[in-house]
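Before any comments, here is the structure.
Any read-out appearing in this document is the output of simple, stated calculations on the displayed coordinates, not a laboratory observation. This structure is a prediction, so every number in the text was calculated from the model and none was measured. No Cβ is skipped: glycine too gets one built from the backbone with ideal geometry, and neighbour counts run over all protein chains shown.
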Amino acid sequence: MDTNELKFEFLEVKAGFISLIPISLFVLVFGAAFGLAATQEGLNQSSTVLMSTLVFAGASQFAALELWGAQVPIVPLAITVFAINARHLLIGATLYPHIQHLKPAARYGAMLVASDANWAISMRAFTNNDTSKGLGLLLGGGLALWTFWIIGTWIGFYFGDAIKNPSTYGVDMVMGCFLLTMVLDGKKQSKTFVIWTGAAVASIVAYLYLPENTHIIVGALTGGVIGVLIGEKKNDD
Amino acid sequence: MMIDTAGFGTLSIILIMAAVTVLTRWGGIFLMSYIPINYRVQQFIAAMSGSVLVAIIVPMFVRGDMGAKAALLVTLFGTLLIKKPLIAITVGIFTAAFIRNI
């Protein structure tokens, strides 16, 4: 395994793209909601589409709109964007063992489209030792999410009024429900529940008492530490 | 420091946001390339990957309205009981939409 150089296979990337189309349709609706919200803050169409193309991180883009005005405070903006997107650091760290044998350009290139949904679904394939499928889901699925996010943002300028309030239709819950099914999937041990309980409690405490947007990273790192503490010791370590 | 959103200001704000986000997307794999992946690190990563999801979902449940809570609960029990995640998600979303419209 260590000696083989990994690469992306076209058919797997294509299959990954197709697999993520259903969830991408909801991303499209969210993109449109973002496009609409951006017009209401006075952003023009090309800037907004450019933002979705280059940033491709919905929650942080919505948060940026909260700070938008005739002038934007740049340090609070950068901190907010970093805090909301810090989960990508964890996503990258968990993917690393599975993608470390890609060429650096491929590895860093794929990370540009790494997002919650394609990460969660590709990790499931990697855990089942289906590496080429996982790579396809990561890159192909990421490209699907990215494409639909950009198209959705653009559509928001024309049809945004139709979805002014996507939460009325429950659309805001799609990603959460999808990620929940990802958690439930796969084999679990009694240790898993101890880890998750720790992560859950830490994330709630962080949500209530720590600065905004820190709850994901605090919960995830707590879970990781608990995993090490209660894991079996191994002699060759 | 403030940046005007007129003229090129917007472009520079977008570029800053993009740079910060790319930093988070690349930072994890960059740092990991300096960490030897031993058994303990593997344990940490394996425990963390499920915990990321838990740390996203649980606060979403706690702070969410009745519709959000119902959507997650329906998805949870639907997935566990009928083993059909896509159907569970769909029913969960409809439940949220229903609750928010009554």
Alpha carbon centre of segment A:11-55 versus segment B:42-102: separation in Å?
23 Å
How large is the charge dipole for chain A, taken about the Cα centre, if only the Cβ atoms of Lys, Arg (+1) and Asp, Glu (-1) carry charge, to the nearest 20 debye?
320 debye
Computed, not fitted: 222 nm per-residue ellipticity of the protein assembly as shown from DSSP H runs ≥ 4 (each -39500 (n - 2.57)), nearest 500, equal to -25000 deg cm²/dmol
Quick one: grab the alpha carbon gyration tensor of segment B:51-102, order the square roots of its eigenvalues as a ≥ b ≥ c, and give me rounded if a/c is under 1.5, else prolate or oblate depending on whether a/b is larger than b/c.
oblate
Within chain B, which complete DSSP H helices have Cα atoms spanning at least 27 Å along the helix axis and a mean Kyte-Doolittle hydropathy of 0.5 or higher?
B:9-32, B:39-63
Charge dipole (chain A, unit charges on Cβ, about Cα centre) - positive-most of A:56, A:146, A:123
A:123
What's the longest uninterrupted piece of chain B once you rule out the chymotrypsin sites (Phe, Trp or Tyr not before Pro) that are loop residues per DSSP with at most 13 other Cβ within 10 Å?
B:35-102
Can you bin chain B into rounded, prolate or oblate? Criterion: square roots of the alpha carbon gyration tensor eigenvalues sorted a ≥ b ≥ c, rounded for a/c under 1.5, prolate for a/b above b/c, oblate for the rest.
oblate
Could you check which residue among A:94, A:168, A:214 shows the biggest mean-square fluctuation in a GNM of chain A with a 10 Å Cα cutoff?
A:168
Per residue and in Å³, how big is the convex hull formed by the alpha-carbon atoms of the protein assembly as shown?
140 Å³
Under the Debye formula (equal points on every Cα, no solvent term), log10 I(q)/I(0) of segment A:10-186 at q = 0.09, 0.11, 0.17, 0.19 Å⁻¹
-0.32, -0.48, -1.08, -1.28
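Please identify the trypsin sites (Lys or Arg not before Pro) of segment A:129-213 that satisfy two criteria: DSSP loop assignment and at most 11 other Cβ atoms within 10 Å. Which are they?
Values: sites: A:133, A:164, A:187, A:188, A:191; in loops: A:164, A:187, A:188.
Answer in residue order: A:187.
With an 8 Å cut-off on Cα pairs and a minimum separation of 6 or more residues, tell me the relative contact order of segment A:10-186 in percent.
Working: 227 pairs, mean separation 81.6, N = 177.
RCO, segment A:10-186: 46 percent.
To one decimal place, what orientation-averaged projected area in nm² is obtained for the convex hull of the Cα set of segment A:117-236? Could the numbers behind the result be given before it?
Numbers: hull surface 42.5 nm².
So the Cα hull casts an average projection of 10.6 nm².
Convex hull over the alpha-carbon atoms of segment A:187-231: what's its volume per residue in Å³? Could the numbers behind the result be given before it?
Values: hull volume 2.7 nm³, N = 45.
Dividing the Cα hull volume of segment A:187-231 by its residues yields 59 Å³.
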Cβ-based charge dipole, segment A:102-237, positive-most Cα from A:202, A:135, A:214:
A:135
